[in-house]
1. From zero up to wherever the largest Cα-Cα distance of segment 19-61 sits, split into 10 Å bins and tell me the percent of pairs in each.
2. Give me, ordered by chain and number, the residues 5 or more places off M39 or on other chains with an amide H under 5 Å from its own placed amide H.
3. Given a 1.4 angstrom probe, I'd like the percentage of the accessible area of the chain that is carbon and sulfur, rounded to a whole number.
4. Where Rh denotes the Kirkwood radius from the mean inverse Cα pair distance, what is Rg over Rh for segment 82-127?
5. Can you give the accessible area of I78, probe radius 1.4 Å, in Å² rounded to 10?
6. In a shell of Cβ-Cβ distance under 15 Å around E53, excluding E53 itself, what net charge do Lys and Arg (+1) and Asp and Glu (-1) give?
7. Give the residue list of trypsin sites (Lys or Arg not before Pro) in segment 12-61 that are DSSP loop and have at most 13 other beta-carbon atoms within 10 angstrom.
8. Accessible area per residue, 1.4 Å probe, Å², for the chain: what's the number?
Amino acid sequence: MLKKGTKLYSIITGACPKCHAECMYVNKNPYILSETLTMHEKCSCCGTKYKIEPSFFYGAMYVSYGVGIAFAVAAFVISFFFLSASIDVVFISIIGTLIIFFPIILRISRNIWINLFMSYDKTLGKK
């Protein structure tokens with residue numbers, strides 16, 4: 001399911017969408033907040049330019065909304081149905097989840113957005 005060559009692999013790992021050889025981000029740890037969105041200009045393996053045009057990743061804001069909703073719904077289901085928490089605790093758990101996972105939501109949104117426009121190329125992956 002999470003094999004090299006699939007979009008899901010690139011989205012979850014943050015690998016280059018064309019060759020899957022290296023991470024698009026300068027620092028793999030998303031919790032170093034000053035470097036959360038700092039990306040390499042292009043892939044050192046295949047030469048793919050990540051910022052296709054100026055303001056390319058503005059579209060990732062729309063994706064980020066959907067990803068944030070998915071995290072919030074997961075927090076709601078876990079806290080309300082599985083832990084039988086009160087509505088106040090459920091609200092706090094949703095807010096806490098969104099704050100804690102904010103850097104991951106940002107990166108996953110960018111990864112989804114760039115993978116909408118680029119696909120894996122087997123010939124580049126072999127180089």
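The values are calculated or read from the model by the stated rules, or taken from the named source; none is laboratory data. Bear in mind that the values here come from a model prediction, so they are computed numbers and not experimental data. Note: ideal-geometry Cβ built from the backbone for every residue, glycine included; neighbour counts use all protein chains shown. Just the protein is used for accessible areas: all its heavy atoms, side chains included, with ligands, DNA and RNA removed. Shrake-Rupley method; radii C 1.70, N 1.55, O 1.52, S 1.80 Å.
1. 27, 50, 24
2. Amide H neighbours of M39, under 5 Å, 5+ apart: V26.
3. Whole-percent figure for carbon plus sulfur exposure: 68.
4. Numbers: Rg = 18.3 Å, Rh = 13.7 Å.
For segment 82-127, the value is 1.33.
5. Result for I78: roughly 90 Å² accessible.
6. On the way: positive: K42, K49, K51, R110; negative: E41.
After counting each charged neighbour, the total is +3.
7. Details: sites: K18, K28, K42, K49, K51; in loops: K18, K28, K51.
Sparse-neighbourhood loop trypsin sites (Lys or Arg not before Pro): K28, K51.
8. Numbers: 8040 Å² over 127 residues.
Normalised by residue count, the accessible surface of the chain is 63 Å².
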